[in-house]
Amino acid sequence: MNPSFSHIKMVAIDCDETLVRSDNTVSDYTVDVLHRLQQRGIVVTIATGRMYQTAKPIGSALKLGNVPMILFSGGLIQELETGCKLFEQTVSVEAVQRIYELAKQYDWHIQSYIDDHLLCHHKTWQSDLYEVQTGAKAEFLGDGLYTLESEPNKLIAIDTVEGIDQIIDTLTPEVGDLVNLVRSQKDFLEIVALNVSKGRALTQLALDNHISLEHIVSFGNAENDISMLRKTGYSVAVENATDHVKSVAHTICGHHNDDGVAHWIKDNLL
């Protein structure tokens, strides 16, 4: 163990392209390292843009027990095994209606998440991509998607990099006062409630566990991780992270396909 990190009491780790490999698996090595970390009394939490349906298999594969998971990029904190919700902030119906009016106008793929259901208009290459990457099962509602009255946990736009740039430029003046827009991948745009972020959710989780943010290490790769990386006492970007994320983090570990997070934890926290 690196003596410089003897004060660490919690680690918060992003899933996709950080902890999880490109084939949506975690290695036996990573499972072993996180188990040993928990045995040392250090709290492990997942902090992801995923929904419960797709985050739970990762947490279960890691054998983490009934840990709280930060989901929907901070919009929900939910226990892994019991499914108990500890915190939730949804997107307003007003914002959703405005966004879907624009989605119809510009033919955007924007999917919604309500009560742990992934809801899409119709099957597209974007919905196929998301299902393969996360293991989620989409439900296709047609125009019924535009008339739902329940507030979703979040929306996601999926497009080319350039397409996401255009969606951000269009949405910002229209709903920028109602939602947060943040990339979780270069071609994924998370649309969450105003003030929702991984950093804010982690702050709440740390408070609930009586742990100072200075005693937490966070790991990430994408723009939606930055709020978390900036909050914690120490932060680590994976080798495959964006340049912006790397500039925010205190240090860089190995690639997510090479178990970079687990190797850093073994070298510094065990």
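The values are calculated or read from the model by the stated rules, or taken from the named source; none is laboratory data. Note that the coordinates shown come from a computational prediction; the quantities given were computed from them, not determined experimentally. Note that each Cβ is placed from the backbone with ideal geometry, even for glycine, and that neighbours are counted across all protein chains shown. Surface areas here come from the heavy atoms of the whole protein model, side chains and all, with no ligands, DNA or RNA. Shrake-Rupley method; radii C 1.70, N 1.55, O 1.52, S 1.80 Å.
Here are the numbers:
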| quantity | calculated |
| --- | --- |
| Of all residues making up the range 169-215, the number that are under 15 Å from the mean Cα position of the chain (by Cα), among the β-branched types (Val, Ile, Thr) and assigned to a strand (DSSP E or B) | 3 |
| Among the residues listed as His117, His109, the single one being at pLDDT 95 or above and within 22 Å of Asp187 (Cβ to Cβ) | His109 |
| Listing of strands (runs of 3 or more DSSP E) fully contained in the range 55-151 that carry 2 or more residues being hydroxyl-bearing (Ser, Thr, Tyr) | 110-114 |
| Qualifying position, being of a type in the set (S, T, N, Q), under 19 Å from the mean Cα position of the chain (by Cα) and over 21 Å from Ala201 (Cβ atoms), among Thr54, Thr30 | Thr30 |
| Some residue of the range 103-114 being under 15 Å from the mean Cα position of the chain (by Cα) and either among the hydrophobic types (A, V, I, L, M, F, W, C) or surrounded by fewer than 21 Cβ atoms within 10 Å (Cβ to Cβ) (or both) | no |
| Members of the range 229-247 found to be open to solvent by less than 30 Å² (accessible area, probe 1.4 Å) and within 19 Å of the chain's Cα centre (by Cα), listed by number | Leu229, Thr232, Ser235, Val236, Ala237, Val238, Ala241, Val245 |
| Selection within the range 152-168 - open to solvent by 30 Å² or more (accessible area, probe 1.4 Å) and outside any helix (DSSP H, G or I) | Asp159, Thr160 |
| Which numbered condition Lys85 fails, given (1) in contact (Cβ under 8 Å) with a residue 24 or more places away in the chain; (2) loosely packed, with under 15 Cβ neighbours inside 10 Å; (3) of a type outside the set (A, V, I, L, M) | (1) |
| Qualifying residue in the range 250-263 (condition: of a type outside the set (A, V, I, L, M), open to solvent by 50 Å² or more (accessible area, probe 1.4 Å) and within 15 Å of the chain's Cα centre (by Cα)) | no |
| Any chance Thr134 is without any contact (Cβ under 8 Å) to a residue 60 or more places away in the chain and not hydrophobic (A, V, I, L, M, F, W, C) | no |
| Residues of the range 1-10 satisfying the condition of being surrounded by fewer than 24 Cβ atoms within 10 Å (Cβ to Cβ) and either touching a strand residue (DSSP E or B) at 6+ places or on another chain (Cβ under 9 Å) or of a type outside the set (A, V, I, L, M) (or both) | Asn2, Pro3, Ser4, Phe5, Ser6, His7, Lys9, Met10 |
